[in-house]
Amino acid sequence: MSGGRVKLSTGTLYGALRRLLDGAWIERVEEDESPRDRRPYRLTSRGRRNLQLEVERMRHLTKLAALRVARKEA
Amino acid sequence: MLSFYRWLLYLYPGLYRREYADEMVAVFRDVQADVSAGSFKERISLRVREILGLLVGAVREHIRIITGSDQSISFRGFNVRSEFRFPRSTVFLMSIIFGGVILAMEKANTIQVKYAAGAGSIWPSLPWFLGFTLLFTCAAAMVGWGILFALGRTGTHRLANIQAGSNGTD
């Protein structure tokens, strides 16, 4: 997804997953046939809303950065 | 490496381990298989990253249990939140540790006096002692820096801040 730039360790990944679960941003998808070591997760409505807010925040940041760069180049 | 990885998982709190250990081992096994065909540098990099990730993760989970909060301590800024309170059990444990340190110092003093009366100092020589102390300090600083660097690289502290912000708006 990041083209190899971001490399998460499993310790970091599951720490983040635990916090996302605690904050009800994501939830486990309960599937009868899924093994214990392969449990899928999905975004909750709250998580989706927060993700949209974060995407919006990052879009705003990149817009500001682009403006600043353009101003310097002008 | 897989057995060492499983062993490191015992550093986590029991509840966390029961909940996530199987998944973590499975994911690690997949990542290891992906990297097995890679270069020596990639394999070493994976191992260092995983070991550091587990150590940092275990410390974070224990701190979370002790403080009852994810955002109580900011590693980057070294600042403690104003509402941060040590639980009573921490004060009790710290008193025991403090007592242990005092006892160890007393014992060390007794041993030193005993050796001084006989064969001289317990330290081989002052330069060796200073060298050892310097090496130990450098190693401790590097480990501390490594943990802070890993925390900064992952951006998990920023994720936690976002979460805290959104919880406030909900």
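The values are calculated or read from the model by the stated rules, or taken from the named source; none is laboratory data. Everything quoted here is computed from the prediction, not taken from an experiment. Cβ coordinates were reconstructed from backbone atoms using ideal geometry, including for glycine residues, and neighbour counts include every protein chain displayed.
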Tally of residues being more than 22 Å from B:ASP34 (Cα to Cα), within 7 Å of chain B (Cβ to nearest Cβ) and of a type in the set (D, E, K, R) across the stretch A:19-45: 1
Say whether the condition of being modelled with pLDDT under 90 and surrounded by fewer than 16 Cβ atoms within 10 Å (Cβ to Cβ) is met by at least one residue in the stretch A:46-66. no
All-but-one check, A:ARG42 against (1) modelled with pLDDT of 90 or more; (2) under 15 Å from the mean Cα position of the chain (by Cα); (3) surrounded by 14 or more Cβ atoms within 10 Å (Cβ to Cβ), failing number (3)
Condition met for B:VAL91 (of a type in the set (Val, Ile, Thr), under 21 Å from the mean Cα position of the chain (by Cα) and modelled with pLDDT of 90 or more): no
Candidates B:ALA150, B:ALA164, B:ALA116, B:ALA104 - the one that is part of a helix (DSSP H, G or I), modelled with pLDDT of 75 or more and surrounded by 10 or more Cβ atoms within 10 Å (Cβ to Cβ): B:ALA104
Which one is farthest from the other protein chains (Cβ to nearest Cβ), of the residues in the stretch B:23-43 that are surrounded by 11 or more Cβ atoms within 10 Å (Cβ to Cβ) and aliphatic (A, V, I, L, M)? B:VAL35
Subset tally (residues that are part of a helix (DSSP H, G or I) and small (Gly, Ala, Ser)) for the stretch A:12-56: 4
What number of residues within the stretch A:26-74 satisfy the criterion of being touching a strand residue (DSSP E or B) at 6+ places or on another chain (Cβ under 8 Å) and farther than 30 Å from B:PHE28 by Cα? 0
Does A:LEU53 qualify as being farther than 30 Å from B:LEU52 by Cβ and either at the interface with chain B (Cβ under 8 Å from one of its Cβ atoms) or in contact (Cβ under 8 Å) with a residue 40 or more places away in the chain (or both)? yes
